[in-house]
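Colleague: What follows is a single structure, and I will ask about it in a moment.
Derivation of every value follows stated rules applied to the coordinates shown; laboratory data play no part. None of these values were measured; they are calculated from a predicted model. In this analysis, Cβ positions are derived from the backbone assuming ideal geometry, glycine residues included, and neighbour counts consider all displayed protein chains.
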Amino acid sequence: QVQLVESGGALVQPGGSLRLSCAASGSDFSTLNMAWYRQAPGRQREWVARISTGTFTQYVSYADSVKGRFTISRDNAKKTMFLQMNSLKPEDTAVYYCNVPDTPYWGQGTSVTVSS
């Protein structure tokens with residue numbers, strides 16, 4: 001069992017930045033690949049970014065829509081994953097979820113609204 005809790009969502013102006021966090025418990029976090037997804041109003045949930053396990057080398061990948069603006073990272077000692085979001089656009093408005101890939105483990109989501 002893995003419990004995931006997201007935080008950090010907020011209302012931000014276009015061009016602004018936010019840092020989302022996903023705190024994990026109930027498992028050995030360092031052994032888990034992790035991912036961020038988002039779901040905009042009226043749209044299907046979509047994958048945003050993924051980070052592999054690894055103490056010294058972690059592999060990351062991003063959806064084309066966020067590449068160059070978002071950065072995924074993790075702190076295994078704190079059992080927390082992060083999503084640094086820069087140059088935010090209105091189309092980034094969504095509820096953001098963390099997930100353990102290929103498992104039913106999801107957080108409850110944190111809401112990000114990008115609007116002036």
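Colleague: Within the set of other residues whose C-beta is less than 11 Å from the C-beta of Leu32, count the net charge using Lys and Arg as +1 and Asp and Glu as -1.
Modeller: For residues surrounding Leu32, the net value is 0.
Colleague: Asp75 to Ser111: FRET efficiency via 1/(1 + (r/R0)^6), r the Cβ-Cβ distance, R0 22 Å, to the nearest 0.05?
Modeller: For R0 = 22 Å, the calculated efficiency reads 0.45.
Colleague: Please give every one of the lysines within straight-line cross-link reach of Lys89, meaning a C-alpha to C-alpha distance under 26 Å, and leave out same-chain neighbours fewer than 8 residues apart.
Modeller: Lys67
Colleague: Could you work out the relative contact order of the chain? I mean the mean sequence separation of Cα pairs under 8 Å and 6+ apart, divided by the number of residues, in percent.
Modeller: Computed over the chain, the figure is 37 percent.
Colleague: Stretched out fully, how many nm does the piece from Ser7 to Thr57 gain, at 0.36 nm a residue minus the Cα gap?
Modeller: 15.4 nm
Colleague: Once phi is turned into θ = phi - 60°, what whole-Hz ³J(HN,Hα) does the Karplus curve with 6.51, -1.76 and 1.60 give for every residue of the range 97-111, x standing for Gly and Pro?
Modeller: Once rounded to whole Hz, the list reads 10, 9, 8, 9, x, 6, 9, x, 8, 10, x, 8, x, 9, 8.
Colleague: What longest range of the chain stays clear of loop-exposed trypsin sites (Lys or Arg not before Pro) (DSSP non-H/G/I/E/B, at most 13 other C-beta within 10 angstrom)?
Modeller: 68-116
Colleague: Can you give the net charge of the other residues whose Cβ lies under 9 Å from the Cβ of Phe82, counting K and R as +1 and D and E as -1?
Modeller: +1
Colleague: Continuing with the same structure: Tell me, what is the FRET efficiency for Gln44 and Arg19 to the nearest 0.05, using R0 = 41 angstrom and their Cβ-Cβ distance as r?
Modeller: FRET efficiency, Gln44 to Arg19: 0.95.
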